[in-house]
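Enquirer: Pasting a structure below so you can have a look.
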Amino acid sequence: QVQLVESGGGLVMAGGSLRLSCAASGRTFTNYAMGWFRQAPGKEREFVAAMSRSSTRYADPVKGRFTISRDYAKSTVYLQMNSLKPEDTAVYYCAADLAVVATTKPAMYDYWGRGTQVTVSS
């Protein structure tokens, strides 16, 4: 079992920045690919970014603005979000997948956090 707890969400004006954190506990953190997803009201959950030891992937809408990183010593994954736009408003979820390569598909992830709200005002 892996437990994931997100933090760092909040309200920010367009053009601002936020850093989300996801603290993992339970099984060995280094064995998992970690991903960030988001879900806006009335929309499906969508891929944002993912990272494993062998690969890093980003969704096209966030490339150049968001950066995923990991601190293996702290068992924490981060999502630095810069140049935020109102369309980035969503609940952001952290997820873990026992895989070598980071995947963009939510169904492939085994564990999920409860999410943190990000609201970007115009």
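Enquirer: So in the stretch 1-18, with the set limited to residues that are under 17 Å from the mean Cα position of the chain (by Cα), surrounded by 14 or more Cβ atoms within 10 Å (Cβ to Cβ) and not hydroxyl-bearing (Ser, Thr, Tyr), which one is farthest from MET81 (Cα to Cα)?
Expert: Applying the filter and picking the extreme gives VAL2.
Enquirer: Could you pull out the residue among ALA73, ALA96 that is of a type in the set (A, V, I, L, M) and open to solvent by less than 40 Å² (accessible area, probe 1.4 Å)?
Expert: Testing whether each residue is of a type in the set (A, V, I, L, M) and open to solvent by less than 40 Å² (accessible area, probe 1.4 Å) leaves just ALA96.
Enquirer: To continue, here is another question. Check ARG65 against each of (1) open to solvent by less than 70 Å² (accessible area, probe 1.4 Å); (2) charged (D, E, K, R); (3) out of contact with any Ser or Thr (no Cβ under 6 Å at 6 or more places or on another chain) and name the one condition it does not meet.
Expert: Among (1) open to solvent by less than 70 Å² (accessible area, probe 1.4 Å); (2) charged (D, E, K, R); (3) out of contact with any Ser or Thr (no Cβ under 6 Å at 6 or more places or on another chain), ARG65 violates only (3).
Enquirer: Looking only at the stretch 43-60, count every residue that is part of a loop (DSSP other than H, G, I, E, B), at pLDDT 95 or above and out of contact with any helix residue (DSSP H, G or I) (no Cβ under 8 Å at 6 or more places or on another chain) and tell me the total. Walk me through it before giving the result.
Expert: So in the stretch 43-60, the residues part of a loop (DSSP other than H, G, I, E, B) come out as 43-45, 52-55, 59.
From the residues that got through so far, the ones that are at pLDDT 95 or above too are 43-45, 59.
Add one more test, that the residue is out of contact with any helix residue (DSSP H, G or I) (no Cβ under 8 Å at 6 or more places or on another chain), and what stays is 43-44, 59.
Adding up the residues that qualify gives 3.
Enquirer: Check the stretch 33-42 and report whether any residue there is open to solvent by less than 80 Å² (accessible area, probe 1.4 Å), within 23 Å of THR119 (Cβ to Cβ), of a type in the set (Gly, Ala, Ser) and under 10 Å from the mean Cα position of the chain (by Cα).
Expert: Going through the stretch 33-42, the residues open to solvent by less than 80 Å² (accessible area, probe 1.4 Å) turn out to be 33-40.
From the residues that got through so far, the ones that are within 23 Å of THR119 (Cβ to Cβ) too are 35-40.
Restricting the remaining residues to those that are of a type in the set (Gly, Ala, Ser) gives 35, 40.
Narrowing the set further to residues that are under 10 Å from the mean Cα position of the chain (by Cα) leaves 35.
Yes; the residues of the stretch 33-42 include at least one that is open to solvent by less than 80 Å² (accessible area, probe 1.4 Å), within 23 Å of THR119 (Cβ to Cβ), of a type in the set (Gly, Ala, Ser) and under 10 Å from the mean Cα position of the chain (by Cα).
The values are calculated or read from the model by the stated rules, or taken from the named source; none is laboratory data. What you are looking at is a predicted structure, and each value in this text was computed from that prediction instead of being measured. Neighbour counts are summed over all protein chains in view; Cβ atoms, including those assigned to glycine, are modelled from backbone coordinates with ideal geometry. Note: areas computed on protein heavy atoms with side chains; ligands, DNA, RNA excluded. Shrake-Rupley method; radii C 1.70, N 1.55, O 1.52, S 1.80 Å.
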